[in-house]
Amino acid sequence: MLSMTSRALGFGCLITLTLGGCGRASEAVDGGSVTPGDDTGTDSGPAPRDAFVPFDSGPFSAQCQTLTFPSVHVADGVENTQCVIVDLGNDLPIHVGSIRNHLPTASHHFIVYRASADAVETTTPFDCTPFVDTLSSNSGSPLMITQRSDEVLTLPQGIAYTLPPHQLMRLELHYINVTGAPVDVSPTSQLCPITDAAYTDDADFLFVGDPDINIAPHTRFTLGPVFYRLDSRFSTAHFFAITGHEHQLGTNVIVQTGPAAAGPFTDVYNVPAFSWQEPVTVSPDVPCQIPSGGGFNFTCEWNNTTDTAVRFGESATNEMCFFWAYYYPARPNSPHVCVHTDQIAGGFDLCCPGNPICNQLSSRF
């Protein structure tokens, strides 16, 4: 059994604090059509737009910025989430068009954020709460989430994350060591900019899920379909990449889009032989749009092969039902994380930032 040294509070606990039940927010992304996971630490083929150091042609500028999480010595059986806040080192504003993350053994997830407005550079790893930077309107926002060993997010032509000079970046590492021996963990992130001339619009990130998970021992369980109606401000958004996420008992995630709760629906994420450990990212040939009043319809499935009931939670021994969607153009002060629950009669939707509850909860972490 793993010793739980993490602070078991993350965005998943937003619903917990008002309803009961707790959770851990985490994981995975890749850019490019449907890309299988690679747990060997080597590339399975040419990456989109080719190489990652430094670009010398095409829409990319000449210099990528590399961030390294300081090495953490992790004893066997330990699980924790830690962060650092580091200067990206860019002397001029940049438009980041590609991010590549590398995770060593025992890294469960790794999140790269632009840090919140009041962040202070902190280069020594400290215990942190997952997704706390998504709760209030003056906070930062995630750029990429990864759980695979070597993962690339390449944005569509002309689309980028714009960062000012010397942007502070929050790097969040959730590690879990089940190797049987101590390990040293030090993930890296490489951010590659496109040229000013190639840039057209900023990208952004949306995280959607449902915490209503309660799976009896030795039972298969399906949550959904759950319809999440998007705010009308997303009616002109182009969603260009989607990734499903569950923990170790997860067997499938399906995401659809539709013009209303009654449908009709179109599959945008339905991966054959879904792997919770190596969830692929699907990028449609043409980014999808959802009209005003429409939204995402999603389903998660599990097979609880254990002797105990499993509920929503942040630990690897709990479960989650989420998906990530990348889109452009970015919307000022738009929500980054949205949750639906039926634990309140009639159903309850919460998006952060943008709801007074978010700021209240942010102050409690």
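Points to keep in mind about this one:
- Selected residue (only one of H73, H102, H109 is farther than 29 Å from A198 by Cβ and surrounded by 14 or more Cβ atoms within 10 Å (Cβ to Cβ)): H109
- The residue pairs whose first member lies in the stretch 270-290 and is farther than 13 Å from A241 by Cα and assigned by TED's automatic domain parsing to the domain that holds G250, whose second member is assigned to a loop (DSSP other than H, G, I, E, B) and charged (D, E, K, R), and whose beta carbons are closer than 9 Å, counting only pairs six or more residues apart or on different chains, are F274/E246; W276/E246; Q277/D39; Q277/R148; E278/D38; E278/D39; E278/R148.
- Residues in the stretch 236-250 that are surrounded by 24 or more Cβ atoms within 10 Å (Cβ to Cβ) and not in a loop (DSSP other than H, G, I, E, B): 5 in all.
- Residue match in the stretch 117-130 (condition: modelled with pLDDT under 90 and closer than 30 Å to A197 by Cβ): yes
- Listed by position, the strands (runs of 3 or more DSSP E) contained in the stretch 285-365 that have at least 3 residues being at pLDDT 95 or above and crowded, with 21+ Cβ neighbours inside 10 Å are 295-304.
- The residue pairs whose first member lies in the stretch 99-125 and is in contact (Cβ under 8 Å) with a residue 12 or more places away in the chain and at positive phi, whose second member is crowded, with 20+ Cβ neighbours inside 10 Å and of a type in the set (S, T, Y), and whose beta carbons are closer than 6 Å, counting only pairs six or more residues apart or on different chains, are A106/Y175.
The values are calculated or read from the model by the stated rules, or taken from the named source; none is laboratory data. Here the structure is a predicted model, which means the values were calculated and not measured. In this analysis, Cβ positions are derived from the backbone assuming ideal geometry, glycine residues included, and neighbour counts consider all displayed protein chains.
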